[in-house]
Amino acid sequence: MIRIVLFQVLCLLTSAAWAQSLPNVSLKDIEGNAIQTADLVHEEGPTVLCFWATWCSPCKRELNNYAELYDDWVDETGVKVVAVSIDDMRSINRVAPYVNSVGWEYDILLDPNRDFARALNVNNVPHTFVVDTEGNVVWSHNNYADGDEYELYEELLKLSE
C-alpha cells in the first residue's frame, strides 16, 4: 500500500514539474539588447529553448541539426527556436562569431551568469525545453544524440494540433 501511495506522489510531482511556468529573467541577445525571458513566449506556436555553449560539441551538433529542419518545423508547427548560450565571461566573445559562421536563424541569447539556466534547473548542456503558447514548460530533454530532433519534432506536432 505504501508503495502505491509513494508511486502516486512521485507521479504527481513529476507532472507538476511539467506545469512550470517560464521564469522571467533579464538576458541580452548577441547585439547587446536586453530581453525578458517572459517575452519569449510565442503566440503562433511552441517555443524551443536550447541551452548550449561554444565549448559543447553535442550542443553545436544539436543546433546545427535543428537548423537543417527549422524552416519545415516553422511551416508545420509555428515553432520559434531560441538558443541560450551559457558561455561565461571568458568565452562569451566566441558566441557571435560562431553563430555567424554557421548561419543559425534562431534568436540567440546570452546567459553568462546562468541565471535563466539556474531558474530552469539546467545542470549541464545541451538541455532543451519546449514552452507552449501559454508560457508553460511542457517538455524537457537533457543531452543530445543524433536523431533526438525527431523526438522533439513529435512533441512540436502534438502541441500544434
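Each value in this text was obtained by applying a stated rule to the coordinates, not by laboratory testing. Because the structure is predicted, anything quoted here is derived from the model rather than measured. Glycine also receives a Cβ, built like all others from the backbone with ideal geometry; neighbour counts cover every protein chain displayed.
Listed values for the range 37-44 are Karplus-derived 3J(HN,Hα) couplings in whole Hz (6.51 cos²θ - 1.76 cosθ + 1.60, θ = phi - 60°), namely 5, 5, 7, 6, 4, 10, 6, 7, and x replaces Gly and Pro.
What net charge is computed for the residues neighbouring GLU62, neighbours being all others with C-beta under 14 Å from the C-beta of GLU62, Lys and Arg scored +1, Asp and Glu -1? That sum, taken over residues with Cβ under 14 Å, equals -3.
When the chain is modelled as a GNM with alpha-carbon springs shorter than 10 Å, which of HIS127, HIS141, HIS42 fluctuates the most? Looking only at HIS127, HIS141, HIS42, the largest GNM fluctuation is found for HIS141. Within the chain, DSSP assigns beta bridges of which about 60% are antiparallel (rounded to the nearest 5). Less than 5 angstrom separates the built amide H of HIS127 from those of PHE51, ASN143, all sequence-distant by 5 or more or on a different chain. For ASP107, the amide hydrogen comes within under 5 Å of the amide hydrogens of VAL81, ALA83, counting only partners 5 or more places away or on other chains and with H modelled in the peptide plane. Within the shell of other residues whose beta carbon sits under 11 angstrom from the beta carbon of PRO46, the net charge comes to -3, with Lys and Arg scored +1 and Asp and Glu -1. Between the amide H of TRP139 and those of VAL130, distances stay under 5 Å, these residues lying 5 or more places away or on another chain, with hydrogens modeled in the peptide plane.
What angle do you read, to the nearest 10 degrees and between 0 and 90, between the alpha-carbon axis of helix 2-18 and the longest principal axis of the chain? Rounded to the nearest ten degrees, it is 30. Give the angle, between 0 and 90 degrees and rounded to the nearest 10, that separates the Cα long axis of helix 57-77 from the longest principal axis of the Cα atoms of the chain. Result, in degrees: 80.
Basic side chains Lys and Arg get +1 at the Cβ, acidic Asp and Glu get -1 at the Cβ, and with that the dipole of the chain about its Cα centre reaches some 980 debye.
Counting alpha carbon pairs within less than 8 Å and at least 6 residues apart, what relative contact order, in whole percent, applies to the chain? Relative contact order comes out at 31 percent. Each stretch of four or more DSSP H residues adds -39500 (n - 2.57); spread over every residue of the chain, this sum gives -12500 deg cm²/dmol at 222 nm.
Across the range 142-154, coupling constants 3J(HN,Hα) worked out from phi with the 6.51/-1.76/1.60 Karplus curve, θ = phi - 60°, read 10, 5, 8, 9, 3, x, 4, 4, 6, 5, 4, 4, 4 Hz, and Gly and Pro carry x.
Per-residue Karplus couplings for the range 96-103, computed as 6.51 cos²θ - 1.76 cosθ + 1.60 with θ equal to phi - 60°, are listed in order as 4, x, 5, 4, 5, 6, 9, x Hz, Gly and Pro entered as x.
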